[in-house]
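S.K.: Before anything else, here's the structure in question.
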Amino acid sequence: MTNQEEVAKLDLYDGFDGSVEGDMNVPGSNRKQTLGEPDFNTLDEPISDTISRDLRAVGIKFKHVLFPREKTSLLKEWDLWGPLLLCTFMAMVLQGSDSSSSNDGGPEFAEVFVIVWIGALIVTVNSKLLGGNISLFQSVCVLGYCLLPTALALIVCRIIMMAASEHLSLILRVIVSMVGFAWATYASVLFLGDSQPPGRKALAVYPIFLFYFVISWLVLSHSVE
């Protein structure tokens, strides 16, 4: 071994203090931050910070549904928190709609879950059979988040039932339900439209139309006293 190699080896050992501690960095941390993705490591992050960040991401996705301009926002960083919250909320509101019924509202609660999740699955399978380039979870995420207009329509219908007369209430509820239906359909088609082949978009949009129509009809029919 030459003298220069021995000196370099001694310098290397002198620079090592025997410590195994260090910073754990996520590879590629310099890349552009996307929706809902942290730019730091989350292993030592408090649970409250994680929940707050996830809630902010859900709120951002809700904003994109209410003002659908950016087409890929729900597809890049998909999650199922928003669809689960909306589905649970709608099921809880709808289950107490029939006060004259002798049961506890269980079938209505289950009915919403079956329509939302099985319906979203059917729409996704139809999209894949038509040659769409979208995954199952991306499609369910978009269809679930776009339930927001129908959920808002459900709230407005409940308020109208308490404030307006019977005939006026029915007219207003029909209008509100149709607006929620049109809004949800437009937003979902805007997000999912580019994932379909150009010549088959109409075949892919038709099941989406039926999906939100059934949910909107459920909202309107269950808002009848």
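S.K.: Leaving out ligands, DNA and RNA, what percent of the accessible area of the range 118-192 is carbon and sulfur, probe 1.4 Å?
M.R.: Heavy-atom surface of the range 118-192 belonging to carbon and sulfur, 1.4 Å probe: 79 percent.
S.K.: Separate question: Using the per-residue mean of other Cβ atoms lying within 10 Å as a proxy for protection, in what order, highest first, do the peptides 49-57, 61-69 fall?
M.R.: Top of the packing list down: 61-69, 49-57.
S.K.: Order these peptides, 168-177, 82-91, by their mean beta-carbon neighbour count within 10 angstrom, highest first.
M.R.: Sorting 168-177, 82-91 by mean packing, highest first, produces 82-91, 168-177.
S.K.: Right, next: Give the peptides 123-131, 178-186 in descending order of average Cβ contacts within 10 Å, highest first.
M.R.: 178-186, 123-131
S.K.: Okay, moving on. What distance in nm separates the simple spin-label points at Phe89 and Ile51, each placed 7 Å from Cα in the Cβ direction?
M.R.: Using points 7 Å along Cα→Cβ, the separation is 1.8 nm.
The values are calculated or read from the model by the stated rules, or taken from the named source; none is laboratory data. This structure is a prediction, so every number in the text was calculated from the model and none was measured. Note: ideal-geometry Cβ built from the backbone for every residue, glycine included; neighbour counts use all protein chains shown. Note: accessible area is taken over every heavy atom of the protein model, side chains too, but ligands, DNA and RNA are not part of it. Shrake-Rupley method; radii C 1.70, N 1.55, O 1.52, S 1.80 Å.
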